[in-house]
Amino acid sequence: MRRGSRVWIALGVGAAVAVGLSMLQLPVVYTSGWGLLVAAGALLFGIRLADDPRGDAPGRERGAEYTGSEVSRLAWAINLRTGTANEAVVRRVRATLRRRLLRHGVDVDDEQQAPRIDELIGTGLWTRLNGRRTRVSDLREALAAAERLAPASDSPHRENEQ
């Protein structure tokens, strides 16, 4: 809305208040004072400050179903006080290790390949990842093993080493 129309709207609201109070047979000075006060308030209410950082900031409309990002949910799934990780995090790490081991021809569901799994990722690590109360240290070990098993094209660090 343009500035001039805001002024006219504010003056109209102030005049309506003044007329309404004068219909109650109040003194003219009183009604005109309240009319001017309401008009000034209406003008101030419509002011948009230029220095407001949120005035032109881009934003994402959040619906009622907004639950946060997947990364934030995973971050809350790690309990630093007890040193344990939630099933959501462990499931993601297990899936990554499963894919990396399959690239090396190892099926984690085959019990006969357990010694090969222990050789590639560490003794007992796969068992600890499938047990209860997986510790953060187990996750660190699993992520290090997944990094070792990654092909050279997946890791930007390995390109710099060559």
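The values are calculated or read from the model by the stated rules, or taken from the named source; none is laboratory data. Predicted, not measured: the structure shown is a model, and the values here were computed from it. With ideal geometry, Cβ positions are generated from the backbone for all residues, glycine too; neighbour counts draw on all protein chains shown. SASA here: full protein model, heavy atoms, side chains in, ligands and nucleic acids out. Shrake-Rupley method; radii C 1.70, N 1.55, O 1.52, S 1.80 Å.
Applying the criterion of being of a type outside the set (S, T, N, Q) and touching a strand residue (DSSP E or B) at 6+ places or on another chain (Cβ under 9 Å) to the residues of the range 76-93, the residue that is surrounded by the fewest Cβ atoms within 10 Å (Cβ to Cβ) is GLY83.
What about LEU102, is it open to solvent by 60 Å² or more (accessible area, probe 1.4 Å), more than 19 Å from ASN86 (Cβ to Cβ), among the aliphatic types (A, V, I, L, M) and part of a helix (DSSP H, G or I)?
Yes.
Among residues of the range 139-161 that are over 23 Å from VAL89 (Cβ atoms), those with a beta-carbon under 7 Å from a residue that is at pLDDT 85 or above at least six positions away or on a different chain give the pairs PRO151/ARG103. Scanning the range 38-62 for residues that are modelled with pLDDT of 80 or more and surrounded by fewer than 13 Cβ atoms within 10 Å (Cβ to Cβ) returns ALA40, LEU44.
Taken together, the residues in the range 115-138 that are in contact (Cβ under 8 Å) with a residue 12 or more places away in the chain, in a helix (DSSP H, G or I) and open to solvent by 20 Å² or more (accessible area, probe 1.4 Å) amount to 5.
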